[in-house]
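Chemist: Please find one structure pasted underneath; my questions will follow.
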Amino acid sequence: METPLSPLEFMRRSRRLYGDRVGVVDGVRRWTYDAFFDRCDRWSSALQALGVRKGDRVAYIAPNTHAQLESFYAVPQIGAVLVPINYRLVAAEFRYVIGHSGATVVCVDGDYADAVDAVRQDLPGVRHFVALNRAHDGWLDYETLVSSSTGGVRQPSIDERDLLTINYTSGTTSRPKGVMITHRNAWMNSIGVLAHVHMSPADRYLWTLPMFHANGWTFTWTVTAVGARHVCLRKVDPAEVFRLVAAEGVTWLCAAPTVLIALAGAAGTCAAAGAQRVQVITAGPARSRHAATS
């Protein structure tokens, strides 16, 4: 018997083994893995009620919130394809990525709803616009849909070669390119990370790296795979990072070099973290030879 390789298996495993453990923290809110995945099921069911079917694209524009994290489970478990978009883009770039991906549902954090509204008339393929927080005229309300959903998910057959996410490049000289990640890709990448990063259920991971960025370098699934705790962080602020390290017992974080520079520059607040040991994973683009020697 063959079992498709998919990060959805991490969801099922942690629900079974660590269901009563706190799995997600977002500000003052916290959910056990059972409660968190119940929310994912409810959102999956709500999407199906909105007409989302296997292969449909669901786009997200959001910072590192619980709603964004839920998308990495709720969308793929109904066979739909997640399109996590860089929230730092401008309205015209939102329009291009949403249109190019073929998204039929767009879920947006309140901070970016006005930018999407500005190009909404240019997105005829989008059937539903969903406000993830803060009510917005002409938009469906995410929390209302989740709370009113039955959670009865009709799960289609998913092959490991099925598309899971489309991640768009940015900062290049031409139009963004959509990188297609399959369920097998995501599973293999997460297991590959765990071959080098030895995490356990005792670990707490702080979301300093954007979840939209290469699926959070796979940590949207990798943290769940070991039953560790996700600590969401809406915006990287050095003082808040140090506070959460102390308050939540953070043991891991990922960050680009520029974020690490900002944290190092705030060394005066490091005392707030006490003696907590935090392991850091970082990566960045290689500098050209000319830039390196200039």
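Just so it is clear, none of the values below were taken in a lab; they were calculated from the coordinates. Keep in mind that this is a model prediction, so the values were computed, not measured. Note that each Cβ is placed from the backbone with ideal geometry, even for glycine, and that neighbours are counted across all protein chains shown.
Chemist: Once label points are set 7 Å from the Cα along Cα→Cβ at both Thr172 and Tyr96, what is their separation, rounded to one decimal in nm?
Modeler: Calculated label separation equals 1.1 nm.
Chemist: Top mean-square fluctuation among Gly110, Gly171, Gly23, Gaussian network model of the chain, C-alpha springs under 10 Å?
Modeler: Among Gly110, Gly171, Gly23, the largest GNM mean-square fluctuation belongs to Gly171.
Chemist: Tell me, in nm to one decimal, what length is gained between Thr144 and Leu50 on full extension, where the rule is 0.36 nm per residue of separation less the Cα-Cα distance?
Modeler: Extending this stretch completely gives an extra 32.5 nm.
Chemist: Placing unit charges on C-beta atoms (Lys and Arg positive, Asp and Glu negative, everything else neutral), compute the dipole magnitude of the chain about its Cα centre in debye, rounded to 20.
Modeler: Taking the Cα centre of the chain as origin, the dipole is about 520 debye.
Chemist: Let me ask something else. If I histogram all Cα-Cα distances within region 32-183 using bins 5 Å wide from 0, what percent of pairs lands in each bin?
Modeler: Using 5 Å bins, I get a P(r) of 2, 10, 20, 24, 22, 14, 7, 2, 0, 0 for region 32-183.
Chemist: Relative to the present Cα-Cα distance, how much length would full extension add between Val179 and Arg154 at 0.36 nm per residue of separation?
Modeler: 6.3 nm
Chemist: Further, regarding this structure: In a Gaussian network model over the chain where Cα atoms closer than 10 Å are linked, find which of Ile166, Ile261, Ile281 has the largest mean-square fluctuation.
Modeler: Most flexible of the set in this elastic network: Ile261.
Chemist: Related question: Would you work out which of Ala113, Thr173, His136 lies farthest towards the positive end of the dipole of region 32-183, given +1 charges on the beta-carbon of Lys and Arg and -1 on that of Asp and Glu, about the Cα centre?
Modeler: Thr173
Chemist: Looking at Pro63, Gly27, Leu164, which one has the Cα that reaches farthest to the positive end of the dipole of the chain (charges on Cβ: Lys, Arg +1; Asp, Glu -1)?
Modeler: After comparing all options, I get Leu164.
Chemist: Sticking with this structure for a sec: For the residue pair His213 and Ala195, what label-to-label distance in nm results when each label sits 7 Å from Cα along the Cα-to-beta-carbon direction?
Modeler: Here the modelled spin labels are 2.5 nm apart.
Chemist: According to a simple spin-label model (label point 7 Å from Cα along Cα-to-Cβ), what is the distance in nm between Asp117 and Asp237?
Modeler: Result: 2.5 nm between the two label points.
Chemist: Using Cα springs under 10 Å in a Gaussian network model of the chain, which residue among Pro257, Pro84, Pro124 shows the largest mean-square fluctuation?
Modeler: Maximum fluctuation in the GNM of the chain, among the listed residues, is at Pro124.
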